[in-house]
Amino acid sequence: MRVFLIEHGLKDRHTHFYLETLGWLDVFRRKKMDYRILAHKDAKPSVVTECLGQPLFSFVPGARVKKDPVSDRLSGFLRYGAAFAKDCSAIDAQIKRDDVVVVTFSTEQEVYGVSKWLRTIPETQRPRVIFNFLIPDFRWEINEDRESMSGDISFHRYAANEMAALSSRFLILASNEKLGRALSGAFNRRCEVAPVALIYFSAEHVPGRADDPDWDEAHIGVIGEFRREKGGSLVAEVIKRFRCERPGRRVFLQVNSSGQADVLRETIGDLTDVIIHVGQLSQRSYIRRLETLDILLLPYMPKRYAIRTSGIFSEAVGYGVVAVVPDNTWMSDQLVAKRGSGVVYSDTSAEGITKALVAASDRYPDFKKKAAARCAAWRTDQSTTALWNKIDNWLRANP
């Protein structure tokens, strides 16, 4: 058996796709497996060499192929699927029935694309396929209880029907129970819950850059993509309020651009004990930042994370970092279930988030003790090894 791992988001060393790929490589090498890593066509040569990958895929997961207010949904679905199938055809000559193809970041577009590809392969050669889903369709409306949703599921249903017409040997995985229920309804077939693909390296074990900062310890941190769905519009006011209430506690803020940094400086005012980093972090620098951080603030929009996992939250829990997260999200579900430690807030105003941040800061020793005690179990349960074990059990039952 060979594993063809489709990591079509892998282009450089600055995203979750890179660390995820390193996690898969760790599993494959430890288990002495035969594997192929299939990356984005624009993956940097150094990344391709390091990951023993093949640059292949035309689009990153969820890419919009054609922006048109009338035909975008349909034409994008068809064009993306056709391109994905064409890219997959590059491995046709190698594929065998006992192989497995793992699409690490799936949407309905990948499901449709694989179905088009399989149609070109003789039935006796069609491999088993794993579709791993991390996010819902953001056009769906998730109900307040997060137990049901409404919206157009026709593309999901069509893609699944096309797959089922060609093969019964495919598995749809979801990163959490609520997402799994939504996808099960959309696809009209069982969706199994699976762990998130994560590996917890020490900073010195991953590549860095010559100009990586030597971080000072920080009490509060906002890390990752600085955009609206992640609370980018609230951060400045929250930090300004927090520093008024608890001065002298070091804060680290990561932003995408110098313009965003200017807005933070103007709003916060006094920048004593405030570190603003502009731009992406190397993976070594990112992990080192987590290792030297007390509290991670995640001022995310609850609706966007209602049934969606968060990579940085998952990594923070694995590193024993205390978290401050919005209620009615997958992240709050974890803290309520005592997977990780921190404060959950329901008031998503700047005032409400500040209040939660102050509470986490004032009781930090207690929260840290719990976070440290729970991180080992999290690392075991939410890991690439655990995900592969889930897949392997299914493969053994579906030879």
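Note: relative contact order over the chain, using C-alpha pairs below 8 Å and six or more positions apart, is 14 percent.
Using the Cβ atoms and a cut-off under 14 Å, what net charge is assigned to the surroundings of Leu25, where Lys and Arg are +1 and Asp and Glu are -1? Spell out each step's value before the answer.
Working: positive: Arg13, Arg29, Arg30, Lys31, Lys32, Arg36; negative: Glu7, Glu20, Asp26, Asp34, Glu50.
Net of charged neighbours comes to +1.
Pairs of Cα atoms in region 205-381 fall into 5 Å distance bins, from 0 up to the last occupied one, in shares of 1, 9, 18, 22, 22, 17, 8, 2, 0 percent. Once C-alpha pairs closer than 8 Å and six or more residues apart are averaged by separation and normalised to the residue number of region 205-381, the relative contact order reads 23 percent. Let me make sure I get this right: for region 354-394, a, b and c are the square roots of the gyration tensor eigenvalues over alpha carbons, sorted descending. Under 1.5 in a/c it's rounded, otherwise prolate if a/b > b/c, else oblate. Which is it? The shape class here is prolate.
Tell me, Ser75, Ser383 in order of fewest to most beta-carbon neighbours within 10 Å? If you can, show how the numbers build up before the last one.
Details: Ser75 14, Ser383 22.
Fewest-to-most Cβ neighbours within 10 Å comes out as Ser75, Ser383.
Against the main long axis of the alpha-carbon atoms of the chain, helix 258-268 sits at an angle near 40°. For q values of 0.07, 0.09 Å⁻¹, compute log₁₀ I(q)/I(0) with the Debye formula on a Cα-only model of the chain, without solvent. Debye intensities relative to I(0), on a log10 scale: -0.34, -0.56.
How high is the FRET efficiency from Lys31 to Ala377, r the C-beta distance, R0 30 Å, rounded to 0.05?
Details: r = 23 Å, r/R0 = 0.75.
That gives a FRET efficiency of 0.85.
Report, in deg cm²/dmol and to the nearest 500, the calculated mean residue ellipticity at 222 nm for the chain, where each DSSP H run with n ≥ 4 adds -39500 (n - 2.57) and the sum is divided by the residue count.
-13000 deg cm²/dmol
Let me make sure I get this right: for region 272-366, a, b and c are the square roots of the gyration tensor eigenvalues over alpha carbons, sorted descending. Under 1.5 in a/c it's rounded, otherwise prolate if a/b > b/c, else oblate. Which is it? Since a/c stays below 1.5, the shape of region 272-366 is classed as rounded. Near Leu38, within a Cβ-to-Cβ distance under 11 Å, what is the net charge of the other residues, with Lys and Arg +1 and Asp and Glu -1? Taking every Cβ under 11 Å from that of Leu38, the sum is 0.
In what order do Phe242, Phe28 fall by count of nearby beta-carbon atoms within 10 Å, going from fewest to most?
Working: Phe242 23, Phe28 19.
Ascending number of Cβ neighbours within 10 Å: Phe28, Phe242.
Loop-resident trypsin sites (Lys or Arg not before Pro) (DSSP state other than H, G, I, E or B) in region 151-215 with no more than 14 further Cβ atoms inside 10 Å of their Cβ: Arg190, Arg209.
Within the chain, antiparallel bridges make up roughly 5 percent of the DSSP beta bridges whose residues both belong there.
Diffusion coefficient (Stokes-Einstein, Kirkwood radius over C-alpha pairs, 25 °C, 0.890 mPa s) for region 18-172: 145 µm²/s, rounded to a whole number.
Tally Lys and Arg at +1 and Asp and Glu at -1 over the other residues with C-beta under 14 Å from the C-beta of Phe187: what net charge comes out? Intermediate results must be reported in sequence, preceding the final value.
Details: positive: Arg157, Arg181, Arg189, Arg190; negative: Glu108, Glu110, Asp137, Asp152, Glu162, Glu192.
In short, -2.
Summing Cβ point charges (Lys, Arg +1; Asp, Glu -1) relative to the Cα centre of region 205-381 gives a dipole of roughly 480 debye. Only one residue of Ser285, Gly53, Gly232 has its Cα farthest out toward the positive end of the dipole of the chain, where Lys and Arg carry +1 and Asp and Glu -1 on Cβ, and that residue is Gly53. Among the trypsin sites (Lys or Arg not before Pro) in region 1-87, those located in a DSSP loop and surrounded by at most 11 other Cβ atoms within 10 Å of their own Cβ are Lys32, Lys67.
Taken together, the values in this text are just the output of simple stated rules run on the coordinates, not laboratory data. The shown structure was predicted, so the numbers you read here are calculated from the model rather than taken from an experiment. FYI the Cβ positions are ideal-geometry reconstructions off the backbone, even for glycines, and counts take in every protein chain you see.
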